[in-house]
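Quick notes on the structure that follows.
Quick note: the coordinates plus some simple rules give every number you see, no bench work behind them. As the structure is a prediction and not an experimental result, all values here were calculated from the model. Neighbour counts are summed over all protein chains in view; Cβ atoms, including those assigned to glycine, are modelled from backbone coordinates with ideal geometry.
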Amino acid sequence: MVLREPRQRLELLDVRAPVPRGNEMLIKVSACAVCRTDLHVVDGELSDPKLPLIIGHQIVGVDAGSGKRVGVPWLGWTCGECAYCTSGRENLCDRARFTGYTIDGGYAEYTVADRRFCFAIPEMYSDEEAAPLLCAGLIGFRAYRMIGDARRVGFYGFGSAAQILAQLAKSEGREVFAFTRPGDVESQKFARDMGAVWAGDAAAQQPLDVAIIFAPAGELVPAALKNVAKGGSVICAGIHMTDIPAFAYELLWGERSVRSVANLTRRDGEDFFERIGKVRIRTKRTLFPLANANEALRDLRSGAITGTAILTIP
Ligand SMILES: [Zn+2]
Ligand SMILES: [Zn+2]
């Protein structure tokens, strides 16, 4: 499925299988989960895509060379030389390349990926189960690591990432509070099913130690700050967000902080897959054949997907 220009439908095209070079391997894709970032790329909200482009960065497939199953994440390549790369912060590398954005991704039968940036996936997860772990799980986990020992954790937007992290949080004895679009009772029920102790509208007041914002809506930042205790943080986990409205300094006062989470490091991935090899993560999934990728994106945009949309490639 090829994006020729932002704000256009993906086109189903026959393209030549890519040829691996250097450290790359050829991967036969079996499943690719749909991420909100895919929508931001298609909608032109991220400014620098390769074009034409095959989007998708939560890829599970088989290395055509070794026959081994591999997972391909958003971080596709880093320079290894800059100040960020050499200080354990390759997620911030200025020259980093990203799967399904600046390099072709997984809405396809075949893709290539640099083997140094791919992950082995615990065997207990099927291909379809594993796909959402590669971004929703992994970048969500990077955000989750920033909550420290907080006990009362607010998730704003309860979709693909929150469903995974709610289970991790619960396994560690934390309490998850799920904030959704006003009146979205289906997502609220889903959040409770996935372990949230409370679920309600985004403007609701609930005392929290920390909040993670998954939804791309800037107005959630002051809403979350209102709920966070002194010394707590509001962590913005998405790659794109609408403008944050002005808010009173009083909301930030008391050593509260607002920060973003960018991309992932390979270390995040190794730690995440080790963790979820011990805690069995379950995900709610809606499957679409690859050719119906536009419908999957449409349903994610409208809020019709509960959990994660997955493209399957037989
Ligand atoms: Zn670098
Ligand atoms: Zn993603």
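Go ahead and run the numbers for FRET between C79 and D243, Cβ-Cβ distance against an R0 of 35 Å, rounding to 0.05.
0.65
Under 13 Å from a point placed 7 Å out from the Cα of A204 along the Cα-to-Cβ direction: which residues of segment 144-160 have their backbone N that close?
154-158
What is the local net charge at I212, summed over the other residues whose Cβ is closer than 13 Å to its Cβ (Lys, Arg +1; Asp, Glu -1)?
Summing Lys and Arg as +1 and Asp and Glu as -1 gives +4.
Let's see if you can work this out: charge +1 on each Lys and Arg Cβ, -1 on each Asp and Glu Cβ, no other charges. What is the dipole magnitude of segment 138-260 about its Cα centre, in debye to the nearest 20?
Computed charge dipole of segment 138-260: roughly 260 debye.
Between S302 and L287, what length comes free when the chain is fully extended (0.36 nm per residue of separation minus the Cα-Cα distance, one decimal in nm)?
Roughly 3.7 nm would be gained on extension.
If Lys and Arg each add +1 and Asp and Glu each add -1, what is the summed charge of the other residues whose beta carbon sits under 12 Å from the beta carbon of H240?
On the way: positive: R36; negative: D38, D43, E45, D243.
So the environment of H240 carries a net charge of -3.
Dipole magnitude of the chain about its Cα centre, charges +1 at Lys/Arg Cβ and -1 at Asp/Glu Cβ only, in debye to the nearest 20?
Here the chain has a charge dipole of around 460 debye.
Separation between the K230 and E109 pseudo-spin-labels, each 7 Å from Cα along Cα→Cβ, expressed in nm?
A separation of 6.3 nm, rounded to one decimal place.
Using only the alpha-carbon atoms, what does segment 221-270 span along each of its principal axes? Please give whole angstrom values in decreasing order.
39, 24, 13
Running a GNM on the chain with Cα contacts under 10 Å, which residue among E295, E24, E250 ends up with the highest mean-square fluctuation?
E250
Report Rg/Rh for the chain, rounded to two decimals, where Rg is the Cα radius of gyration and Rh the Kirkwood radius.
Ratio value, two decimals: 0.96.
Which FRET efficiency, nearest 0.05, do S171 and K28 yield, Cβ-Cβ r, R0 22 Å?
So, using R0 = 22 Å, E works out to roughly 0.10.
Take M1, M25 and order them by how many other Cβ atoms sit within 10 Å, fewest up front.
Numbers: M1 25, M25 20.
Fewest to most other Cβ atoms nearby, the residues stand as M25, M1.
Could you work out the relative contact order of segment 172-314, using alpha carbon pairs under 8 angstrom and six or more residues apart, expressed as a whole percent?
16
Going by how many other beta carbons lie within 10 Å of each one, how would you line up D38, D127, D104, fewest first?
On the way: D38 28, D127 20, D104 23.
By the 10 Å Cβ count, ascending: D127, D104, D38.
Rounded to the nearest 5, what % of the DSSP beta bridges within the chain are antiparallel ones?
45
If the elastic network links every pair of Cα atoms under 10 Å, which of V176, V60, V279 fluctuates the most in the Gaussian network model of the chain?
V279
How big is Rg to Rh over segment 138-260, alpha-carbon atoms, Rh as the Kirkwood inverse-mean-distance radius?
Taking Rh as the inverse mean 1/r over Cα pairs, Rg/Rh reads 0.92.
Hey, for a label at S66 modelled as a point 7 Å past Cα toward Cβ, could you say which residues of segment 103-124 have their backbone N under 15 Å away?
113-123
Answer with one residue from L168, G183, V234: the one whose Cα lies farthest towards the positive end of the charge dipole of segment 138-260, charges on Cβ with Lys, Arg +1 and Asp, Glu -1.
L168
Can you give the FRET efficiency for K278 and R145, using 1/(1 + (r/R0)^6), R0 = 22 Å, r = Cβ-Cβ distance, to the nearest 0.05?
For R0 = 22 Å, the calculated efficiency reads 0.85.
If I build a Gaussian network model for the chain, linking alpha-carbon pairs within less than 10 angstrom, which residue out of V258, V70, V19 has the largest mean-square fluctuation?
Taking springs between Cα atoms under 10 Å, the residue moving most is V19.
Just want the ordering: H57, H40, H240, from fewest to most Cβ atoms lying within 10 Å of their own Cβ.
H240, H40, H57
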